[in-house]
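Engineer: First, the structure itself, so that you have it in front of you.
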Amino acid sequence: MRGSRWTVIGAVFAAAATVVVAQLPHVANLDADAAAVMRTATPKERLGQLLFEDVNLSNPPGQSCATCHARGAGFADPNRTFPTSMGVLPGLFGERNAPTAAYMAFSPKFHFDEAEQLYVGGQFWDGRAATLEEQAKQPFLNPVEMANTSPAQVVEKVRAAAYAPLFVEVFGADAFADTARVFDRIAEAIAAFERTPVFAPFTSKYDAYLAGRATLTAQERRGLRVFEREDKGNCAACHPIARDTNGRGGLGTDFTYDNLGVPKNSDNPFYRLAEAYNPAGERSVDRGLGGVVGRASEYGKFKVPTVRNVEVTAPYMHNGYFTSLRALVDFYNTRDVKPRCADEFVREAEALERGCWPRPEMVANVNVDELGNLRLTPREVDDLVTFMLTLTDGWMPREAR
């Protein structure tokens, strides 16, 4: 009986947290698969889901983790009105596009790889949280996100929640005894939920293809070849998807960091926030990883996102500059071939029309070895985009729909 109670509460919070998005066919499949996973979930995982979907944990109430990380949108922000995510307080926005939370349980703890001489893993675009647990805490206290003023404010909301008895069941009779420890436990439960197969279902058409349950079209097969060939797209160098030792497709990211030369986004509402939130205004430059580790050699580098679910996670890149997957691939293909636009603030559509690209937001450390002049034909670009559409989770054969 208790399990049913938590399921009902979770459904209520999930409904409240939902932002209106296009209901693509894959969403119903994802919902059904998630429900099946949670039927056998541990109490801590069920608690994590309730916390993840609770819109009362922001200040004021109205925003949850799921608001900006929705299952149907590949656990990215389903609200595409703006390139970066809107906070719970009117008129406030984060500086960056909300990254997907899907498959991030596989991201190793943030560290510097001495052998490769590069940073790997962690959470957020800049790796500032080493683990899922560390990441789960930060949106609660970010003034342009969930806007709580202290961990104690979050803890009191959980203490008053309908699922507080489950919190005690999971963490013991003294579960609410120490505020700092409670805040840690909230993050611990959310991370436990994020480590379930709900966030990593491996149910795309490509996964079915690897398992012998689906056939790729001729165009999808051509796109896969472009994706993998070192002398073509070479996408797999940073976005490995080949079958791994577990027999499933790769994670679509190597969890490293790169400066891809992405332009500044004039549509980013963060530039227009009050000085208290953005002192530099439009002159603000996002240093990415370099701002976290304090190294100029890492300025402008951001975590390589997974290409899994890329069909439903637009807009793309850390600042949401690209609204279209084809435009993004065209940028990878022609960044160093097309001339520079005269203005640094040129929108994606206008840049495509003019046949130019604006200069990078951070001109130092741009990766010129693996992209910028891929020499792909228009057909190869189309093939590549078509293949990447097979990486959307929740796929089902058309005849079974």
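Engineer: Tell me which residues come under 5 Å, amide H to amide H, from Arg359 once H is placed; ignore anything under 5 positions away on its chain.
Structural biologist: Under 5 Å from the amide H of Arg359: Cys341.
Engineer: Based on the Cα coordinates of the range 205-400, what is the per residue volume of their convex hull in Å³? Could the numbers behind the result be given before it?
Structural biologist: Details: hull volume 28.6 nm³, N = 196.
Cα convex hull per residue, to the nearest whole number: 146 Å³.
Engineer: Per residue of the range 89-95, what does 6.51 cos²θ - 1.76 cosθ + 1.60 with θ = phi - 60° give for ³J(HN,Hα)? Whole Hz please, x for Gly and Pro, Karplus curve as stated.
Structural biologist: 7, x, x, 9, 9, x, 6
Engineer: So, one more: Can you give me the angle between helix 218-228 and the longest principal axis of the chain, using Cα atoms only, in degrees from 0 to 90, rounded to the nearest 10?
Structural biologist: 90 degrees
Engineer: Got a sec to turn the phi values of the range 151-162 into Karplus ³J(HN,Hα) couplings, 6.51 cos²θ - 1.76 cosθ + 1.60 with θ = phi - 60°, whole Hz, x for Gly and Pro?
Structural biologist: For the range 151-162, the Karplus-derived couplings read x, 4, 5, 5, 4, 5, 5, 5, 4, 8, 6, 5 Hz, x marking Gly and Pro.
Engineer: By the gyration tensor of its Cα atoms, with a ≥ b ≥ c the square roots of the eigenvalues, what is the shape of the chain: rounded for a/c under 1.5, prolate for a/b over b/c, or oblate?
Structural biologist: Verdict is oblate for the chain.
Engineer: Could you name the lysines whose alpha carbon sits less than 24 Å from that of Lys303, not counting residues in the same chain fewer than 8 places away?
Structural biologist: Candidates past the 8-residue exclusion: Lys109, Lys137, Lys232, Lys264.
Engineer: Where does the charge balance sit around Gly127 when Lys and Arg score +1, Asp and Glu -1, over other residues with C-beta under 11 Å from its C-beta?
Structural biologist: +1
Engineer: Also: Would you mind counting up the charge near Pro305? Only other residues with Cβ under 14 Å from its Cβ, with Lys and Arg at +1 and Asp and Glu at -1.
Structural biologist: -1
Engineer: Something else now. By per-residue mean of other Cβ atoms within 10 Å, what is the highest-first order of 28-35, 184-191?
Structural biologist: On the way: 28-35: 16.1, 184-191: 22.9.
Top to bottom by mean Cβ count within 10 Å: 184-191, 28-35.
Engineer: Could you please state, rounded to a whole Å, how far the C-alpha centre of the range 275-328 is from the C-alpha centre of the range 110-162?
Structural biologist: Each part's Cα centre sits 17 Å from the other's.
Engineer: Okay, next question. Under the rule of at least 5 residues apart or a separate chain, name every residue whose amide H is placed under 5 Å from the amide H of Ala214.
Structural biologist: Those lying under 5 Å, H to H, from Ala214 are Tyr209.
Engineer: Simple spin-label model, 7 Å along Cα-to-Cβ: Arg39 to Ala160 in nm?
Structural biologist: Placing both labels 7 Å along Cα→Cβ, they lie 3.6 nm apart.
Engineer: Once the piece of chain linking Ala115 and Ala152 is laid out straight, how much longer is it, given 0.36 nm per residue of separation minus the C-alpha distance between them?
Structural biologist: Gain in length upon complete extension: 9.1 nm.
Engineer: I'd like the orientation of helix 2-17 relative to the chain: the angle between its Cα long axis and the longest Cα principal axis, in ° from 0 to 90, rounded to 10.
Structural biologist: 50 degrees
Engineer: Give me a comma-separated list of calculated 3J(HN,Hα) values for the range 72-78, in order, Karplus coefficients 6.51, -1.76, 1.60 applied at θ = phi - 60°, integers in Hz, x for any Gly or Pro.
Structural biologist: These are the phi-based 3J(HN,Hα) values: x, 9, x, 6, 10, 6, x Hz.
Engineer: Related question: For Ala211 and Thr245 in one chain, what is 0.36 nm times their gap in residues minus the Cα-Cα distance, to one decimal in nm?
Structural biologist: My answer for the length gained is 10.9 nm.
Engineer: Per residue of the chain, what 222 nm ellipticity follows from adding -39500 (n - 2.57) for every DSSP H run with n ≥ 4, rounded to the nearest 500?
Structural biologist: After summing the helix terms and dividing by the residues of the chain, the value is -10000 deg cm²/dmol.
Engineer: Here's a follow-up. Tell me the angle of helix 132-141 to the major Cα principal axis of the chain, expressed in degrees between 0 and 90 and rounded to the nearest ten.
Structural biologist: 80 degrees
Values quoted throughout were computed directly from the atomic coordinates according to the rules given, and no laboratory measurement underlies them. Just so it is clear, the model here is predicted, and its values are computed rather than measured. Virtual Cβ from ideal backbone geometry, glycine too; neighbours counted across all protein chains shown.
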